[in-house]
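First comes the structure, then the notes that go with it.
Readers should treat all values here as calculations from the given coordinates under stated rules, not as data from a laboratory. Quick caveat, the model's predicted, so the values are computed rather than measured. Heads up, the Cβs are rebuilt from the backbone with ideal geometry, glycines too, and the neighbour counts pull from every protein chain shown.
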Amino acid sequence: MEKIIIEGSRRLEGEVTVSGAKNAVLPLMAACILTEGKNTITNVPDLADVRTMVKLLEILGAEVEFENSTLSIDSTNLDTWEAPYDLVKTMRASVLVLGPLTARFGRSRVSLPGGCAIGERPIDQHLKGLSILGAKIEIEEGYVDTIAKKLRGGVIPFDVSTVTGTENLILSSVLAEGETVILNAACEPEVTDLANFLIEMGADIQGAGTDIITIQGVKKLTPIKEYEVMPDRIEAGTFLIASVLTKGNILVKNCRFENMGALIGKLIEAGAEVTRENGGIRIKGNGEIKSVDFTTLPYPGFPTDMQAQMMTLMSVADGLSIITETIFPQRFLHAGELRRMGADIKLVGNSAVVRGVPSLSGAPTMASDLRASASLVLAGLAGNGKTQVSRLYHLDRGYERLDRKLENLGARIWREKE
């Protein structure tokens, strides 16, 4: 076990390159189940979640090589359709193998992912969609069993927008007979990245990036020689906030301005200077931080994965801000840790009322989940004195070498054994 130590109150400046997106590469890896032969994916971040998905694919019978940000996945000899509890419990995205295993083998057995520190995230919409496509579903002893001699297209009306549900049903339907239409589909860029990956394999998908996605089933998909994962917009956003917090001047490279409109808009409202530059985003913190209100919403709204980091920024803003969490109402565990550092935060239902204070003070803190860990690192950068962030396994699930990248920007940050 490791912890991060941060000596705060240092201005960050320079350039940083964003890694490939965790939330994009995991469904791409699951998609490789649908083909025989070798798929090569580049710009892959070296994260704990990626390593977990590698183990899962290997258990299923795939041959996987991962080196220098490049994944090679050969699914020719896949010989099992069971995703065991020991792996699924550590990474909820493991449930993405449910659809492609059913499509390839006509059956699957996948452990239920259960809840997590930020609340229940059920897979009822995944199962509803698979049932519409013709799968027989049974749940027993904590596992979902699916059987389908042949999946057939249908109209799938999601009750709520779900990213992994949309991805799982796309993966289920690309080899199904006939046409599948997903209504109230998730519009996130990571869903579009998966659709583009499958289209290069030979899938027929229309409407990715909108709330209606139409898939015409094809008989076979072929492996891709090389596909580059989209950049991680959540990592990019974390660096943008770090610059504003420290009154810095950072060029965030390898990120897409067009995928980050809601966050960038709020940072401009807060007083940041934001410009496009050389395929990236330059952001300058110009002194006083203004308070802003925001509500988390499905894309293109403000992302729930940036709520914790933005709360840290509002903790030192001038004035009062109200943060409303509509995606995961329980996603406020970081508030208590920020209060340990001097933040003035009151929770009322699914909202947080944040009254900005002049500065935060370093303190021992403990991460409760992935994005909470990032918010505490940010707080340490802005705080006076020394901050400790424990439970780094949360951070390493979704950020590739965040401490080293911040150090290169001028932060005083290092790791120690617990």
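Observations on the model:
- As a proxy for reagent exposure, Glu140, Glu190 were ordered by neighbouring Cβ count within 10 angstrom, fewest first; the result is Glu140, Glu190.
- Listed residues His334, Met314, Gly380: farthest to the positive end of the dipole of the range 283-418 (Cβ charges): Gly380
- Selected from Val54, Val357, Val348 as most flexible by GNM, with the chain as the system and alpha-carbon contacts under 10 Å: Val348
- Taking other C-beta atoms within 10 angstrom as a stand-in for reagent exposure, Thr222, Thr146 fall in the order Thr222, Thr146, fewest first.
- Its relative contact order, with pairs defined as Cα atoms under 8 Å and 6+ residues apart, puts the range 52-169 at 21 percent.
- Across Glu188, Glu200, Glu141, mean-square fluctuation computed from a Gaussian network of the chain (C-alpha pairs under 10 Å connected) peaks at Glu141.
- Cα lying deepest toward the dipole's positive end in the chain, options Leu57, Ile234, Thr365, charges on Cβ: Thr365
- Near the amide H of Asp344, within less than 5 Å, lie the amide hydrogens of Arg355, Val357, all on another chain or at least 5 residues away, with H placed in the peptide plane.
- The magnitude of the dipole of the chain, with charges of +1 and -1 set on the Cβ of Lys/Arg and Asp/Glu and taken from the Cα centre, is near 760 debye.
- Binned Cα-Cα distances of the chain, short to long, each 20 Å bin given as a whole percent: 28, 55, 17, 0
- For the chain, the relative contact order works out to 21 percent when only alpha carbon pairs closer than 8 Å and six or more residues apart are counted.
- Each of Gly178, Thr166, Ser94 was placed along the dipole of the range 40-193 (beta-carbon charges, centred on the mean Cα), and the one lying farthest toward the positive end is Gly178.
- Residue order, fewest to most surrounding Cβ atoms within 10 angstrom, among Thr295, Thr76, Thr164, Thr102: Thr76, Thr295, Thr164, Thr102
- Amide H contacts under 5 Å for Gly362, placed H, 5+ residues apart: Asn384, Gly385, Lys386
- The sum of -39500 (n - 2.57) across all DSSP H runs of n ≥ 4, divided by the residue count of the chain, sets its helix-only mean residue ellipticity at 222 nm to -9000 deg cm²/dmol.
- For the range 1-125, averaging the sequence separation of C-alpha pairs within contact (under 8 Å, six or more residues apart) and dividing by the residue count gives a relative contact order of 22 percent.
- Computed from label points 7 Å out along Cα-Cβ, the spacing between Val160 and Asn408 is 3.8 nm.
- Prolate/oblate/rounded call for the range 270-418, Cα gyration tensor, a/c under 1.5 rounded: rounded
- Cα-based shape type of the range 22-228, given that a ≥ b ≥ c are square roots of the gyration tensor eigenvalues and the cut on a/c is 1.5: rounded
- Cα-centred dipole magnitude for the range 204-304, charges only on beta-carbon of K, R (+1) and D, E (-1), debye, nearest 20: 200
- Selected from Ala352, Ala317, Ala195 as most flexible by GNM, with the chain as the system and alpha-carbon contacts under 10 Å: Ala352
- Prolate/oblate/rounded call for the range 97-192, Cα gyration tensor, a/c under 1.5 rounded: oblate
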